[in-house]
Amino acid sequence: MTTISGIAAGAGVAAALVVAFVLCLIAALVVPNVQATHMWVSLFTSSPIGSGMAWITGIISSAAGGFVSGWVFAYVYNRVSKA
């Protein structure tokens, strides 16, 4: 039976969330009237959009949340797939 690496799954989800956060933050800066991007950015930081702190906390929060989510997914998948 094939198992999923928790580290690999965590790294993959973390990378995907960081890229999504950065793209949404760029979109929020370029087109400030699009509220959908603001909501995604607000999931990961409460700092004002466009501030340096928003970039830092958002990227760190995206990476940490993504890594934990990916690791939990792999753990649960590996446990359930043994049944």
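The values are calculated or read from the model by the stated rules, or taken from the named source; none is laboratory data. Bear in mind the structure is a predicted one, so any value in this text is a computation, not a measurement. Note that we place each Cβ from the backbone using ideal geometry, even for glycine, and neighbour counts take in every protein chain shown. Surface areas here come from the heavy atoms of the whole protein model, side chains and all, with no ligands, DNA or RNA. Shrake-Rupley method; radii C 1.70, N 1.55, O 1.52, S 1.80 Å.
Before moving on, here are some points about what is shown:
- Hits in the stretch 43-54 (condition: open to solvent by 70 Å² or more (accessible area, probe 1.4 Å) and either over 30 Å from residue 5 (Cβ atoms) or in contact with a helix residue (DSSP H, G or I) (Cβ under 7 Å, 6 or more places away or on another chain) (or both)): 46, 48, 53
- Of the residues 80, 68, 76, the single one that is part of a helix (DSSP H, G or I) and either under 18 Å from the mean Cα position of the chain (by Cα) or surrounded by 12 or more Cβ atoms within 10 Å (Cβ to Cβ) (or both) is 68.
- Test for residue 60: is it free of Cβ contacts under 8 Å to residues at least 40 places away in the same chain, assigned to a loop (DSSP other than H, G, I, E, B) and surrounded by 12 or more Cβ atoms within 10 Å (Cβ to Cβ): no
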